[in-house]
Amino acid sequence: MDPIPLSQPDISEMERSYVSDVLESTRLSFGPYLKRFERQMADRCGTSHAIAVSSGTAALHCIVRSLHLQPGDEILTTPYSFVASSNALLFEDLEPVFVDIDPDTYNIDIEKAKAALTARTKGILAVDVFGVPADWPALTEFAETHDLALIDDACEALGASIGDRPIGAWGDAASFGFYPNKQMTTGEGGCITTNDADLAAICQSLRNQGRATTAEMRHVRLGFNYRLSEMQAALGCAQLDRLDDLLDRRSQAAEAYSEALAPLHHMLHRPTSAPLGQRSWFVYVVRLHDSAPPDARDRLVDALHNAGIGAAPYFPSIHLQPYYRDRFGFTSGSLPIAERVAARTLALPFFPAITSAQIERVAETISRVLPPILDPAPSQRATSS
Ligand SMILES: Cc1ncc(COP(=O)(O)O)c(C=O)c1O
C-alpha cells in the first residue's frame, strides 16, 4: 500500500505560474511579489504592517530583538511548543520562564503565568499551539497591567481569530512560519505582523543587515540576512490567494478524522475544539489516555511507520530537550501537565489533499495496533488470576 505522508504541501498551477513570472523577470529579491505578499499578509491579519522574512524563527528573533528588552530579563513562555519559540529568547540572552499549560488547549495557562510574575518579568511569549488561539484577551490585560511586552508566536495559527480580531493582530507583534507542513508555505519563510510602526521599521532593518532603509548602504544597527526571496514571495502570494480553500480542506479533514476516530475514544483523546474564537487547523494531534503505559505513544508511532503511515511525537516539551536540561538544569516533574501531555501526544497524517480513504486507513490501523500496545499481555493476566 502507498505510504501516507505526515504532511504534504498543496501546490497548484497558480503557484507554478507566479513563480515562473519571477523567473522570467530580472527581480529575484525585493520585487513586486514581496510587496504584494506583505500587503496580503497585513490584510489577512488586520494589521498595518507585515514584514516578510526567511523563516518563522527569523520572525521571532526580529520581534524579540526589536522590543528593547535587556539581557537577563525574564520572559514567561510555554514549554509545549516547537523549540524555536524559546530559542528566540536565548538568542537575545533573555531568560525563558516556562509556565505549565492548560490540559485541554495545550496553551500557556494564564493563571500560572500570573503566579510566575517577578520583578524581572518583562514579557510574555505565548504560542497558538496547533492553531488554537491562546487566551489573548486575558494575556493582553495581564501584559497591560504589568507593562510587559507581548509576543504571539502564531507560526501555527494563520487564519485563526478571536472575535473579529485575527491572530496576527494581538500582542505587540506576531510571527508566522511557512515551512511546507504549515497552513500555507513558501518552502522556507516567515512573516512579522504588527500595528506598531516603530517595531515594523526595526524589523525591516534587522532582516536586511541593519540598513537604515532598503536603498541605503548605511547600517545603523547589527542586523541579519533574514530576507525572503522573490520566488518564495510569489509562492506565498499564490498560497494566500488560495488560503481560504486550503483552510477549508484542512478543517474538513479534521472533521473526517474526528468521526473516524470516535469509536476509539476509550483509547485516545481527539483534539478539543478551541474554547475561544476560531482555530486554524495546523496538525491533527491525538493524545493517549493517562493510563497508557509510558512507552505506548512511541510504540504507536513505530507501528504506524511500519504500516507506511507518517506519525510523529508532537511536541516534546522544550524544557526537557537536552540543550535546555544541560544549560538550565531542568528535570522531569517541574512542569507536570506539559510533560504528561508531551509524553502522550502524536501527530497523524494531515494535509489538504488527504483523502477519506487515507483517513479511514489511519483509523483502522490505530484500532488494530493500539489495543495490544495498551494492554500488552491480557492472556498472561487471565492465566495468572
Ligand atoms: C510554534 C512555532 N514556532 C516557531 C516555528 C519556527 O518556524 P521556522 O521553522 O519557519 O523557523 C515553528 C515552525 O515549525 C513553530 O511551529
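Computed from the coordinates by the stated procedures, all read-outs in this text should not be read as laboratory data. A quick note: this is a predicted structure, and the numbers were derived from the prediction, not measured. A quick note on method: Cβ atoms are made from the backbone with ideal geometry, for glycine too, and the neighbour counts reach across all protein chains shown.
Subtracting the Cα-Cα distance of residue 334 and residue 244 from their residue separation scaled by 0.36 nm leaves 28.4 nm. Using Cβ point charges alone (K and R +1, D and E -1), the dipole size of segment 1-89 about the Cα centre works out to roughly 320 debye.
Whole-Hz Karplus values for segment 364-372 come out as 5, 5, 4, 5, 8, 8, 6, x, x Hz, taken residue by residue from phi with 6.51 cos²θ - 1.76 cosθ + 1.60 and θ = phi - 60°; glycine and proline positions read x. If you wrap segment 240-323 in the convex hull of its Cα atoms and look at it from every side, the mean projected area works out to 8.3 nm². Remark: the residue 252-residue 111 segment gains 47.4 nm on full extension, using 0.36 nm per residue and subtracting the alpha carbon distance.
Which residues does a label at residue 375 reach in segment 259-295, if reach means a backbone N under 19 Å from a point 7 Å past the Cα toward the Cβ? 262-269, 288-295, by backbone N distance to the label point. Taken along the Cα-to-beta-carbon direction at a fixed 7 Å, the label points for residue 1 and residue 70 span 6.0 nm. All alpha carbon pair distances within segment 13-242 were sorted into 10 Å bins beginning at 0; the resulting P(r) in whole percents reads 9, 35, 35, 17, 4, 0.
A dipole drawn for segment 210-340 from +1 and -1 charges on Cβ atoms has a positive end, and of 214, 229, 240 the residue lying farthest that way is 214. Amide H contacts of residue 53: 190, 191, 192, each under 5 Å away and 5 or more positions distant or on a separate chain (H built 1.01 Å from N in the peptide plane; Pro and chain starts excluded). When only Cα pairs below 8 angstrom with a gap of at least 6 residues are kept, the chain shows a relative contact order of 22 percent.
Taking one quarter of the surface of the C-alpha convex hull of segment 191-302 gives a mean projected area of 12.0 nm².
Cysteine residues of the chain whose C-beta has no other cysteine C-beta under 4.7 angstrom: 45, 155, 191, 237. Considering only 26, 372, 83, the residue lying farthest towards the positive end of the dipole of the chain is 26, judged by Cα position with unit charges set on Cβ.
How many angstrom separate the Cα center of segment 110-151 from the Cα center of segment 50-102? The distance from the Cα centre of segment 110-151 to that of segment 50-102 comes to 13 Å. Can you tell me what percent of all Cα-Cα pairs in the chain are more than 36 Å apart? Of the Cα pairs, 25 percent sit more than 36 Å apart. For residue 360 and residue 23, the FRET efficiency from 1/(1 + (r/R0)^6), where r spans their Cβ atoms and R0 equals 41 Å, is about 0.50. In plain terms, the C-alpha convex hull of segment 247-385 casts an average shadow of 10.9 nm² when viewed from every direction.
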